[in-house]
Amino acid sequence: MTTAPLRKDAARNWHRIVEVGRRLVDEGTAIQLNDVARAAEVGVATVYRHFPTPEALLETVATPGLEALTAHAERALSGGDPWAELRDFLLAAVDAQVSDPALPPVFAAPVDALPRTTELKRGLTEMFGRLLDRAHAAGVADPAVTKADMLPLMCGVMFAANVHPAGGDRALTARRYLTVLLEGLRVR
């Protein structure tokens, strides 16, 4: 299904709303659509017409990060070293989650507001599974560790980095914890 392009004024309003949503997410402020309307200087009905729920706006804010991770996974699948590609993809995933505060709640949400979000998350999970399968097939990853094991372990890495950031550096802590996890996964 294709949608008609937005009129110029509607497109401008959409971008203003998304910019305000991005700013609120970056500040750590919960998205309230009435507050978004006020800050974007548009009517409340305009915000709700574009984004029926705060989750829909949050997912729209997170979409560029999800798309960047998807592109990274696609490149990794065409790489030659299964271990390096798996490791680099997982490092990119933790870096993205640390640097983009829109990603963790979107990844953690049990239900998506937008079909595009569901499509991107499914694609990432599928490509991650293929990267792990390639590492298993190459004999460089413990075959007993499955995709189902890795997903909660990755959540644990992010949780630990957020709760116990060494020296206040969440990115460095997340990478360190991921390295420990990967050392346990790797077969030598």
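The values are calculated or read from the model by the stated rules, or taken from the named source; none is laboratory data. Not measured: the values here are computed from a predicted model. No Cβ is skipped: glycine too gets one built from the backbone with ideal geometry, and neighbour counts run over all protein chains shown. Side chains included, ligands, DNA and RNA excluded: accessible areas come from the protein's heavy atoms. Shrake-Rupley method; radii C 1.70, N 1.55, O 1.52, S 1.80 Å.
Tabulated data for the structure shown
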{"item": "Pairs, first over 15 Å from residue 22 (Cβ atoms) in the range 100-115, second open to solvent by 60 Å² or more (accessible area, probe 1.4 Å), C-beta under 6 Å, six or more apart", "result": "113/55"}
{"item": "Residues satisfying the stated conditions in the range 144-161, i.e. free of Cβ contacts under 8 Å to residues at least 40 places away in the same chain and of a type outside the set (D, E, K, R)", "result": "144, 146, 148, 150, 151, 152, 153, 156, 159, 160"}
{"item": "Filter result (under 30 Å from residue 92 (Cβ atoms) and of a type in the set (Gly, Ala, Ser)) within the range 40-75", "result": "56, 62, 65, 68, 71, 73"}
{"item": "In the range 161-172, the residues that are open to solvent by less than 70 Å² (accessible area, probe 1.4 Å), farther than 17 Å from residue 103 by Cβ and either part of a helix (DSSP H, G or I) or of a type in the set (A, V, I, L, M) (or both)", "result": "166, 168"}
{"item": "Criterion violated by residue 89 - all others in (1) within 30 Å of residue 20 (Cβ to Cβ); (2) in contact with a His (Cβ under 8 Å, 6 or more places away or on another chain) satisfied", "result": "(1)"}
{"item": "Checking residue 140 against (1) more than 21 Å from the chain's Cα centre (by Cα); (2) within 17 Å of residue 93 (Cβ to Cβ), the condition it does not meet", "result": "(2)"}
{"item": "Failed criterion for residue 111 (all others in (1) open to solvent by 80 Å² or more (accessible area, probe 1.4 Å); (2) assigned to a helix (DSSP H, G or I) hold)", "result": "(2)"}
{"item": "Leading residue by the ranking (most open to solvent (accessible area, probe 1.4 Å)) among those in the range 123-142 that are among the hydrophobic types (A, V, I, L, M, F, W, C) and not in a loop (DSSP other than H, G, I, E, B)", "result": "137"}
{"item": "Where a residue in the range 60-86 is under 30 Å from residue 23 (Cβ atoms) and among the hydrophobic types (A, V, I, L, M, F, W, C) and its partner, wherever it lies, is open to solvent by 60 Å² or more (accessible area, probe 1.4 Å) and modelled with pLDDT of 95 or more, with Cβ under 8 Å and at least six apart", "result": "61/22"}
{"item": "Condition check for residue 6: modelled with pLDDT under 95 and either closer than 18 Å to residue 63 by Cβ or outside any helix (DSSP H, G or I) (or both)", "result": "yes"}
{"item": "Meets criteria (under 19 Å from residue 69 (Cα atoms) and open to solvent by 60 Å² or more (accessible area, probe 1.4 Å)) for residue 152", "result": "yes"}
